[in-house]
Amino acid sequence: MSKKIIMDCDPGHDDAIALILAGAKNSSLDILAVTTVAGNQSVEKNTKNALNVLEVMGRGDISVSVGASRPLIKPASFASQIHGKSGLDGPKLPEVPSLKPTQSYAVDVIIETLKQSEEPVTLVATGPLTNIATALIKEPSITQYLDSITIMGGGTFGNWTPTAEFNIWVDAEAAKRVFDCGVPINVFGLDVTHQVLATDAIINRFKTIDNQIAKFVVELLEFFKSTYKTHFNMDGGPIHDACTILYLLEPSLFTMQHTHIDIEHHSALTYGTMAIDLNDITNGEKNAYFATAVDVERIWVIMEDILKSYSDD
Ligand code: BDR
Ligand code: CA
């Protein structure tokens, strides 16, 4: 039986790859809805990108709903230096997508989709946690419909400040609410995502796959590799967000440690830092499963197989 998921995202190169992996034809995941949030770019641009990606995937059957245009408290901040002006620079995509978003607000779509599902749902969040925190504030009872919240965010080090990762730093107040909500949270932070680097060797492997989706992914990864070289001097783009989906498809790819996680949101110096109590110093409630190790080689094999499963007709 397929696992029901909602994908709350800000595409974004790695968000796009997460969508592609989750929404393949024989996927064991069933995407009930895609919701967008301000993060890598404005929510308008991220929504346009989500629609274009679903179009390339041939998955116009999946709805896209527009969410928060800024964090709960702070003004919006974007990651143009990593994802480009469009939020998805690299591949040539239509200025006006042929698919359209729903009329309903993403937060309401999250709440209604959860209430209507006959099975527990996994909320996958690959952008700032604004929509999810807002849904929890508006309708706290939604926790009963969730089997987990699976996020890309945080880590024991930062990429936006010395100690904070971008998704958590954009809206630390939202992240704090999500980590305190009582639903188990699977966390894929920089400790593992920075190991899953799409280097030239990996991109060349994907180049041998002869279909439109693989070509699209190669264009995404080429662009991502170039900005990661310029800004972080890394030899490939980490496919951060895709780790959430790869875990749901094949949990044995990751080692998870059950632990207590809290989010710093007061200090100017460490705003957005994830405090991960891996040594159980606080004896705090274990509210999260934090990924500590990853089988990188097996990830590329699985990803190759999924890309091959897309056909052009
Ligand atoms: C996260 O920030 C975004 O730029 C990526 O899409 C990913 O979700 C990595 O820090
Ligand atoms: Ca993202």
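The values are calculated or read from the model by the stated rules, or taken from the named source; none is laboratory data. Owing to the predicted nature of the structure, the values given are computational and were not obtained by experimental measurement. Reconstructed Cβ throughout: ideal geometry from the backbone, glycine too, with neighbour counts over all protein chains shown.
One table, with the values for the structure above:
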{"read-out": "Residue list for the stretch 76-126, filter: under 24 Å from Leu21 (Cβ atoms), among the hydrophobic types (A, V, I, L, M, F, W, C) and in a helix (DSSP H, G or I)", "value": "Ile82, Ala106, Val109, Ile110, Leu114"}
{"read-out": "Restricting the stretch 207-237 to residues that are in contact (Cβ under 8 Å) with a residue 60 or more places away in the chain and within 13 Å of Tyr310 (Cβ to Cβ), the residue that is nearest to the chain's Cα centre (by Cα)", "value": "Val217"}
{"read-out": "Output for the stretch 15-54, where each listed residue is among the polar types (S, T, N, Q), within 16 Å of Ala68 (Cβ to Cβ) and surrounded by fewer than 24 Cβ atoms within 10 Å (Cβ to Cβ)", "value": "Ser42"}
{"read-out": "Residue identified as under 26 Å from Asn52 (Cα atoms), at pLDDT 95 or above and within 20 Å of the chain's Cα centre (by Cα) among Ile149, Ile203", "value": "Ile149"}
{"read-out": "Matching entry among Ser86, Ser104, Ser117 (being within 16 Å of ligand 2 (Cβ to nearest atom), of a type outside the set (Val, Ile, Thr) and surrounded by 14 or more Cβ atoms within 10 Å (Cβ to Cβ))", "value": "Ser86"}
{"read-out": "Failed condition for Val109, given (1) touching a Phe, Trp or Tyr at 6+ places or on another chain (Cβ under 8 Å); (2) surrounded by 15 or more Cβ atoms within 10 Å (Cβ to Cβ); (3) not aromatic (Phe, Trp, Tyr)", "value": "(1)"}
{"read-out": "Residue count, the stretch 152-204 (criterion: hydroxyl-bearing (Ser, Thr, Tyr) and either under 17 Å from Ala268 (Cα atoms) or buried (at least 22 other Cβ atoms within 10 Å of the Cβ) (or both))", "value": "3"}
{"read-out": "Helices (runs of 4 or more DSSP H) completely within the stretch 194-313 that count 3 or more residues being over 30 Å from Arg177 (Cβ atoms)", "value": "200-207, 212-232, 296-309"}
{"read-out": "Given (1) of a type outside the set (Ser, Thr, Tyr); (2) within 14 Å of ligand 1 (Cβ to nearest atom); (3) over 15 Å from the mean Cα position of the chain (by Cα); (4) part of a loop (DSSP other than H, G, I, E, B), index of the condition Lys45 fails", "value": "(4)"}
{"read-out": "Scan of the stretch 173-201 for residues that are farther than 27 Å from Asp295 by Cβ and either touching a Cys at 6+ places or on another chain (Cβ under 9 Å) or more than 16 Å from ligand 2 (Cβ to nearest atom) (or both), ordered by number", "value": "Glu173, Lys176, Arg177, Asp180, Cys181, Gly182"}
{"read-out": "Hits in the stretch 149-180 (condition: in a strand (DSSP E or B) and touching a residue at least 40 places away in the same chain (Cβ under 8 Å))", "value": "Thr150, Ile151, Met152, Ala164"}
{"read-out": "Boolean, Gly12 is more than 26 Å from Leu307 (Cα to Cα), buried (at least 24 other Cβ atoms within 10 Å of the Cβ) and within 16 Å of ligand 1 (Cβ to nearest atom)", "value": "no"}
